[in-house]
């Protein structure tokens, strides 16, 4: 029989697999990461920021279909890498139409204005395409389906929801990295050295913790300015205190154990003891709080974007999508604001389920 691994990571994974809720959360997170990485390849609208606007079809309901005339619009081609990271500018201009008719070498279209109004426009077939009129029907006349409807600018909600996944995961990841870095370093120093070092760090922790999170984020955002990276830093700088308190408590308990005393007796330096012997043994609790902070960062970012001081348009953000469409909640199309809200709820729930599963798996008591 193969030798069974009894390492901490193997035991944790074995316990985690027994928790169906944690596995469900992990599956949702993996799916969200895949969507974030390959969003521009998946989204129906793969233009930069999924910002292809068609104001004539604003605020349409889920499953809406619209006929379009594709007019060639020469744009600079981009590489596959740029298209994957930033999107691909559309090579066509899309004109919404309600019908068309071919008369000789002229295409007559009824340009869609609203459900009861249209405008007749004429286009030369030779200018639209150098092919035969029969091919025009399949190449230049297309039908788009808006699976989740369109927003007040006529943009595809599904595409913006997909691209917006990047912002939520990115703000969570960067905020967690910043909070873990500050929290682990300061918490470890406070717990290991005690005395004046502990007093100063814990005073800073208590002062930071006494300030309401949103108020502190507002102050940092106003100091750094509005933007994509500023919001990441602002959220990260408000979440390190919980990590620092947790790490401090864990270090206080572990530093008195025999193997730490033995390391000191062998003449090992403080840095090597802290980072080589203490911190690796408190990774379990840190992983749990990291998952919780990830979920909190997503909610904070959505709230800031809703208030207008987070991610700025036209870059899609789930909180910004709610802000742009929340007026429709009390009108004819509430799903425009509810869909990004459901996405936030689902991703936050996934991280909370994973965090609870990790807590049980690492047996934190």
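The values are calculated or read from the model by the stated rules, or taken from the named source; none is laboratory data. Being a predicted model, the structure only gives us computed values, none of them experimental. Cβ coordinates were reconstructed from backbone atoms using ideal geometry, including for glycine residues, and neighbour counts include every protein chain displayed.
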From the list 352, 293, which residue is under 25 Å from residue 182 (Cα atoms), in the same structural domain as residue 162 (by TED's automatic domain parsing) and surrounded by fewer than 21 Cβ atoms within 10 Å (Cβ to Cβ)?
352
Which pairs turn up if I take residues in segment 10-24 that are modelled with pLDDT under 85 and look for partners that are surrounded by 15 or more Cβ atoms within 10 Å (Cβ to Cβ) and not in a helix (DSSP H, G or I) with beta carbon separation below 6 Å, at least 6 apart in sequence or on another chain?
12/362
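Looking at segment 149-237, what helices (runs of 4 or more DSSP H) fall wholly within it and have at least 3 residues that are touching a residue at least 40 places away in the same chain (Cβ under 8 Å) and within 24 Å of residue 278 (Cα to Cα)? Reasoning before the result, please.
On the way: elements: 157-193, 195-210, 213-224, 228-236.
Once the helices (runs of 4 or more DSSP H) in segment 149-237 are filtered for at least 3 residues that are touching a residue at least 40 places away in the same chain (Cβ under 8 Å) and within 24 Å of residue 278 (Cα to Cα), what remains is 157-193, 195-210.
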Has segment 165-173 got any residue that is surrounded by fewer than 22 Cβ atoms within 10 Å (Cβ to Cβ), closer than 15 Å to residue 59 by Cβ and modelled with pLDDT under 95?
no
Any chance segment 46-57 includes a residue that's touching a residue at least 12 places away in the same chain (Cβ under 8 Å), surrounded by 15 or more Cβ atoms within 10 Å (Cβ to Cβ) and in a strand (DSSP E or B)?
no
